[in-house]
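The values are calculated or read from the model by the stated rules, or taken from the named source; none is laboratory data. Just so it is clear, the structure is predicted and the values come from calculations on it, not from any experiment. Cβ placement follows ideal geometry from the backbone for every residue including glycine, while neighbour counts extend to all protein chains displayed. Ligands, DNA and RNA are excluded from the accessible area calculation, which covers all protein heavy atoms including side chains. Shrake-Rupley method; radii C 1.70, N 1.55, O 1.52, S 1.80 Å.
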Amino acid sequence: MPDFKKSQYIYHITALDNIPGILMAGGIKCRSDLESDDFNDVASDSIIGKRAEYGLDKFVPFHWVYGSEFDYSIHKGYKDTEFAYIAIDRNIAKKENWKVIPQHPLAGGKAPEILDYSIGFNKIDWNYMKPHYQYYEGLYSYKNQLTTMAECLAPKTVATSKFAKIFVSSEDALNALLGDFEDEFSEDTDEDDFSLYEYWAKDQSPSDDLCDLESVFENLPDDLFEICPSMFKYYN
């Protein structure tokens, strides 16, 4: 199991079919800036309401571990939905002093403690930072549940230029993602034969009608998309 205190990334989980809209919008928006029809929402109304009450809807939340308690709950509740993880290098969060909630933000029935990055990072009890699948190995407790729900909070839209990886579960999921992106983008174009795969993977330029697509991808790493079944295997 990885040592999540020393891991490179923080993770934002979202439905796979939200990725095209996120890329076209230029980044992940905080919930207070989203319209209800902008994305496939998998969080419950009660959680959304409580987070708004505490002002957390003005941040973009990330977890320190893939396979958090939240990840498990939405996979269980939306078994027919494919998910993806957007990963950000922790050095960006540290440099920009993103905020940290050291444990489950809604635990305790009161507003959570929101700390500066370094203080909050050191206040997390990393000994209990274990993904939910360890429950099945007898190594998971309520303390683990609280700790895996610790958050790193971006105070504004997280630009796509800051994305390190987008992890998906399989080649089929990646193909579906690229296909969805083509569909969404081509709605406003006359380009019948446009292939996102050819543009992205082979660095081919589309017609002038698709110039906006270039601005979407020009600041993204060449190896942005990565297939990583092990991050999803306990949910299938």
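Under 5 Å between amide hydrogens, built in the peptide plane, is the criterion, and for Thr157 it picks out Cys30 among residues at least 5 positions away or on other chains. Determine the share of the stretch 23-109's accessible area contributed by carbon and sulfur atoms, expressed in whole percent, with a 1.4 angstrom probe. Carbon and sulfur together cover 46 percent of it. For Lys165, the residues whose amide H sits under 5 Å from its own are Ala87, ignoring neighbours fewer than 5 places away on the same chain, with H placed 1.01 Å from N. For Lys123, the lysines whose Cα comes closer than 21 Å to its Cα, not counting residues fewer than 8 places off in the same chain, are Lys5, Lys6, Lys94, Lys95, Lys99, Lys110, Lys143. In sequence order, the stretch 21-32 has phi-based couplings of x, 5, 5, 5, 7, x, x, 8, 8, 6, 4, 5 Hz under the Karplus curve 6.51 cos²θ - 1.76 cosθ + 1.60, θ = phi - 60°, and Gly or Pro positions carry x. Protein heavy-atom accessible surface, 1.4 Å probe, per residue over the stretch 14-118: 47 Å².
Kirkwood hydrodynamic radius computed over the stretch 1-145 comes to 16.3 Å, based on all pairs of distinct alpha carbons. Each peptide in 8-15, 94-101, 226-233 gets a packing score, the mean of other Cβ atoms within 10 Å over its residues, and the list from highest to lowest is 8-15, 94-101, 226-233.
Shape of the stretch 77-120 from its Cα gyration tensor (a ≥ b ≥ c, root eigenvalues): rounded if a/c is under 1.5, otherwise prolate when a/b > b/c, or oblate?
Values: a/c = 4.56, a/b = 1.24, b/c = 3.68.
Because a/c hits 1.5 or more and a/b fails to exceed b/c, the stretch 77-120 counts as oblate.
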